[in-house]
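Working notes, beginning with the structure itself.
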Amino acid sequence: RCLFRSVLTWYAADPGMAERIASPNNRDVKWTGQPDPVPAGLATGVQAMEWLDAERRNLVAAIGLAARLGFDEVAAILPLTLWGLFEQRGHWHTWLDTNLTGIEAARRAGDLDAEADLLDSVSRAYVALGRAEEGLGDLRRAVAIRQAQGDLTKLAATRLELSIAYFETGRVTEAISECEQAAAMARESGNPRGEAHALSDLGEMYQRMAQPEKSLEYHLAAQAIAAQVPSPILIGAVQANVADAYLDLGRTGEAVAAARTAVELNERSGNRMAQGDSHRVLGDALRDAGQPAEACRHWRAALVAYQELGDPRAEEVVGR
């Protein structure tokens, strides 16, 4: 049992370090265990994400084992270290299952902070699976925990997750209100990364509401803030959104330029979802610019990424 505890404690510590390297825009995970020194070959975000993906089955098995053996701290924290992996690689069902295990463990351990983080995380998995409604109750509990803690930074992050869930369930007015509050709270708490995320999400909401001028306004605001944050993943994702907004406005030349930059950024970051998005929008912009052969090359790259992730937008790209 002591051996199991030692191994599982290591598994909670080192993946946490890899997650911070691979996905620096995700929230920090509270963990008291001590990781080994950063292993050789994990110096970049791409290397760290590849390591996490290679170890994914072992790490998922460790979560279940920790829960069965009663090592609730490990079972609660370890799923959070895999948030970026699940999101960037599209492991939606595993994301949901491991987080539900983690929530139960956090509640047994009485760890409200980990519970709230996991409730945020599991809601994103529900959204990815088209089941956003199922995460709303969890998010309201997370909001209550954050309000009681008085943690403005984490409250802003939770309200952002709530805004996304509201939008996906058709509650647009509430979604916009929550997202605006999340942006304001992130700004007040001195968290530019969180503010950029919220502004970018507002831009996406207005884009889906067919208000491209307002969408571009928010995406450009997010871009200006993201430029101050050393996160290629965040900057690349925001850049792809800017390109999409330009395209919706018929500003083809600006869309092509922005999308080319997004492709370069996202290829370096290793974020497969953002890679698919940036190749898709570049293909669309090149089509509108009268360059169908090059457009098809980028659509094919988007298709590969979307198929790897099981993203339904793969069918749309096939149509293109």
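So here's what we get for this one:
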{"read-out": "Cα shape, region 59-183, gyration tensor, a/c 1.5 rule", "value": "oblate"}
{"read-out": "Residue-span extension gain [Arg187 to Arg131] - 0.36 nm each, minus C-alpha spacing", "value": "17.2 nm"}
{"read-out": "From the C-alpha gyration tensor of region 195-250, square roots of 5λ in Å", "value": "19, 10, 8"}
{"read-out": "Normalised contact order of the chain, rounded percent, pairs of Cα under 8 Å and 6 or more residues apart", "value": "11"}
{"read-out": "Relative compactness, region 268-320, computed as alpha-carbon Rg over 2.2 N^0.38 Å", "value": "1.04"}
{"read-out": "Model label zone, His93; criterion: amide N under 15 Å from point 7 Å along Cα-to-beta-carbon; scope region 298-320", "value": "309-311"}
{"read-out": "Modelled FRET efficiency - R0 25 Å, Glu50 with Arg300, Cβ distances, 0.05 increments", "value": "0.65"}
{"read-out": "Selection from Leu249, Gly270, Ala148 lying farthest towards where the dipole of the chain points positive, charges on Cβ", "value": "Gly270"}
{"read-out": "Percent of Cα pairs exceeding the 26 Å cut-off, where the set is region 143-259", "value": "19"}
{"read-out": "Two-decimal Rg to Rh for region 158-208 - Kirkwood Rh, Cα set", "value": "0.96"}
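Each reported figure results from applying straightforward, stated rules to the coordinates on display, with no laboratory input. Keep in mind it's a predicted model, so treat the numbers as computed, not measured. Methodologically, a virtual Cβ is constructed for each residue, glycine included, from the backbone with ideal geometry; neighbour enumeration extends over all protein chains shown.
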